[in-house]
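This report refers to the structure that appears directly beneath it.
Just so you know, all these numbers are worked out from the coordinates, no wet-lab data involved. Everything numeric here is computed off the predicted structure, so don't read it as measured data. When we count neighbours, we look across all protein chains shown, and the Cβ atoms used for this are built from the backbone with ideal geometry, even at glycine.
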Amino acid sequence: MTLSKLRNIGIAAHIDAGKTTVTERILFFTGATRKVGETHDGQATMDFMKQEQERGITIASASISCRWKDSNINIIDTPGHVDFTIEVERSLRVIDGMVAVFCAVGGVEPQSETVWNQADRYRVPRIAFVNKMDRTGADFYDVVKQMNEFLDANAVPFHLPLGNEDDFTGLIDVISQKAYIFDESKRHETEIPSQYVEAAREARNLLIEKVADFDEKVTELYLEEQEIPDELLQRAARAATLKLVITPVFAGAAYKNKGIQLLLDAIVDYLPSPIDVGAVVGMDVDDHTKSHTRAPSAKEPFSALAFKLINDPYVGQQTFVRVFSGRLENGMQILNASKGKTERIGRILKIRAKDREEVSEAGPGEIVALVGLKLTKTGDTLCDKDTPLLLESIHVPPSVIELKILPEKRKDQSKLGEALAKLSNEDPSFHARYDDETDETIISGMGELHLEIIVDRIKDDFGIPVEIGEPSVAYRETITTETVSNYKHSKQTGGRGQFAHIVIRLEPNEDKGYEFVDYIKGGVIPGEYIPSVNKGIRKLLSKGVLAGYPVIDVKVVLLDGSFHPVDSSDMAFQTCAAIAFRNGFMKADPVLLEPVMHVEVNVPDDYIGNVVGDLNKRRGKIESMRRHRKGSQKLTGTVPLMEMFGYATTLRNISSGRANYSMEFSKYVPVTKAIQEEILKKIAEKKRLENA
């Protein structure tokens, strides 16, 4: 197979636009599968995970190869739900071209914008397929208009629909000016019906005008008002598509098998081969200002990018890689340039959705799974040991939601830790950490559905029953007024007793942490016991006084005291200091502090009122609003962390999924008396239940 006949493509879109159905029809019409798999009955070839079959949605990107005419097509079917955006991100990093699927009824939907922006980041040439033309409310021309308005796509119809909704019977090829009627799985070429002739001619003229800007020969013939040959127009349209200056738009109804063969023709005709994409550029390992190129040739030094890891219970860890140059062979030693370590290839597997076929080698442009790699993670560069380079890694979006997780049985704690490590290894957008302060295991991800799937996998794939809940807020304690505490610690239990006496002043110490000042004069407390006083107070700081949360921003001044030459000791002064501090703390109007987050929200103009109103309900304070990009604003402000649980889902709902946000810790501020009383009641109830 020559590289010019290879197409590495991704199929991406908003959820329910029909990506997987389009892929299943492509596999059927190319002979890759004998039977059409459907998402609604859990039989889709590409949706083979148990969780995908149960929900009828794509969760993980899956890869498969097929052949159309004289070309090989490697397809990656990606999820449409925003919670699994990392799957789209890593797929776009390794494909050469993309089919963006749009619902003829829904048009450009929120995740369509996200996917489009991701493809822009990696400069991926793309064509569009307007699916579900047979649905009530389908409007091909409105979808094209939305693509230009919302995506700045320079979308140009290469197909025109014959009929609409229930009357959708076929398509007009704008370049060849031929019509195709679909009868079950067959297509019949015919002349354009008379009522569509004028619209077809106008569409061809529009296409010529768009392409003429980028092709001198087409421009010349167009200005001379001469007929432009179909071959020349197609060649010029292909060049414009590869340069990302136009987006060809095709149409069909995948579920009814209409338009799929023409879409396959378009994939071969307009999307790039590895040769068209050209050499990949990487950085020098030692000097990042220098760059190296690798042409898509077997004669070049080996280079590849690891873009996905999965743990197979039978095969072990599989590392999915896209080979950019050189050859990869079984048993070969390669360099992981990202880690600076060598790895050995155990086996090379060709991927066919859930099935694998072992091969002895892989060359440029191929997507394969490797077995035996121990150090390689998502985004790592694999290359020839003697000519190393670093390829651009994969952008991982920050997680937006957290949950606490714990096993139902204490004995499963270590098994849960291993499962979380494997899952976070597979999915870079999923994180797990242990919070020492709240004594909880916290998992974080891209949304509620993302974490729901993770929890399902922990239960089903790893066999660990778990419980989940909202993570605890890490409050702090401090004082608001100054007070003096005088305490004498005296215990006599026979033999040597315990004696210590101190007088301390507690002062608020805003934003300066804990401070200890020694004002002892004349040796009323021996110098050897002064550190004991500080140590006794410090021990109490981490345990808290009011509600068990760490104490911050308090200044303690040691004013006076006394000692006993026999009964005084280091431990006596530590105990005395802790009790004196506790007594003084409770008299100094103690208050709980809550973490407040700095929040940035990118929101389209249409939803600003909804978003601001919701932030106000969450006790948020808007600090600034500024233009983010055309049609959207960036809101900046602060919101208490306790009010941000579930915000990701709410924001999606009130903005139709088109707004996004980020947040980071800003500062601690005092809670209101009402909130403090509520928190203290919950803590008291929790202690009561634990004691019971």
Checklist entry - How much length, in nm to one decimal, is gained on full extension between residue 681 and residue 70, taken as 0.36 nm per residue of separation minus their Cα-Cα distance? => result 212.7 nm
Checklist entry - For the stretch 514-570, which trypsin sites (Lys or Arg not before Pro) are both in a DSSP coil and crowded by at most 12 other Cβ atoms within 10 Å? => result 521
Next on the checklist: Below 8 Å, C-alpha to C-alpha, sequence gap of six or more: please give me the relative contact order for the chain in percent.
Outcome noted: 9 percent
Next on the checklist: Give me the extension gain from residue 217 to residue 688: residue separation times 0.36 nm, minus the current Cα-Cα distance, reported in nm with one decimal.
Outcome noted: 161.1 nm
Checklist entry - Taking square-rooted eigenvalues a ≥ b ≥ c of the alpha carbon gyration tensor, is the stretch 592-674 rounded, prolate or oblate, where a/c under 1.5 means rounded and, failing that, a/b exceeding b/c means prolate? => result prolate
Checklist entry - Hey, got a sec? Which GluC sites (Glu not before Pro) in the stretch 165-225 land in a DSSP loop and have at most 14 other Cβ atoms within 10 Å? => result 184, 191, 224, 225
Checklist entry - Between 649, 533, 12, whose Cα lies farthest towards the positive end of the dipole of the chain when Lys and Arg beta carbons carry +1 and Asp and Glu beta carbons carry -1, centred on the Cα centre? => result 533
Checklist outcome for this item: Helix 110-121 sits off the longest principal axis of the Cα atoms of the chain, rounded to the nearest 10 on a 0 to 90 degree scale, by 80 degrees
Checklist outcome for this item: Quick calc: nm separation of the 7 Å Cα→Cβ label points for residue 235 and residue 543 -> 8.5 nm
Item to check | Zone residues, the stretch 177-214, relative to residue 243, backbone N less than 15 Å from point 7 Å out along Cα-to-Cβ | outcome: 208-214
Checklist entry - What is the gain in length, in nm to one decimal, between residue 339 and residue 586 on full extension, counting 0.36 nm per residue of separation less the C-alpha to C-alpha distance? => result 83.6 nm
Checklist entry - By counting other Cβ atoms within 10 Å of each Cβ, how are 410, 347, 433 ranked from fewest to most? => result 410, 433, 347
Checklist entry - So what is the 222 nm mean residue ellipticity for the chain from helices alone, if each DSSP H run of at least 4 adds -39500 (n - 2.57) and you divide by all residues, rounding to the nearest 500 deg cm²/dmol? => result -9000 deg cm²/dmol
Item to check | Cβ-placed point charges (K, R +1; D, E -1), dipole of the chain about Cα centre in debye, nearest 20 | outcome: 2420 debye
Item to check | Cross-link pairs beyond the 23 Å C-alpha cut-off, checked among 543/687; 341/415; 404/686; 422/459; 543/681 | outcome: 341/415
Next on the checklist: Can you say what percent of the DSSP beta bridges in the stretch 477-588, counting only those with both residues inside, are antiparallel? Round to 5.
Outcome noted: 75 percent
Checklist outcome for this item: Counting only DSSP beta bridges fully inside the chain, the antiparallel percentage to nearest 5 is 80 percent
Checklist entry - Which loop chymotrypsin sites (Phe, Trp or Tyr not before Pro) in the stretch 284-333, with loop taken from DSSP, have no more than 14 other Cβ atoms within 10 angstrom of their Cβ? => result 314
Item to check | Leading residue at positive end of dipole, the chain (Cβ point charges), from 150, 111, 568 | outcome: 568
Checklist entry - What ranking of 669, 277, 639 emerges when the number of other C-beta atoms within 10 Å of each C-beta is taken as an exposure proxy, fewest first? => result 669, 277, 639
Checklist entry - If R0 is 25 Å, what FRET efficiency do you get for residue 227 and residue 199 from their C-beta distance, rounded to 0.05? => result 0.85
Checklist entry - What ranking do 188, 564, 489 get, fewest neighbouring Cβ atoms within 10 angstrom at the top? => result 188, 564, 489
Item to check | Dipole magnitude of the stretch 477-588, debye to nearest 20 (Cβ charges: Lys/Arg +1, Asp/Glu -1, about Cα centre) | outcome: 380 debye
Next on the checklist: Taking R0 as 22 Å, what FRET efficiency do you get between residue 567 and residue 483 from their Cβ-Cβ distance, rounded to the nearest 0.05?
Outcome noted: 0.20
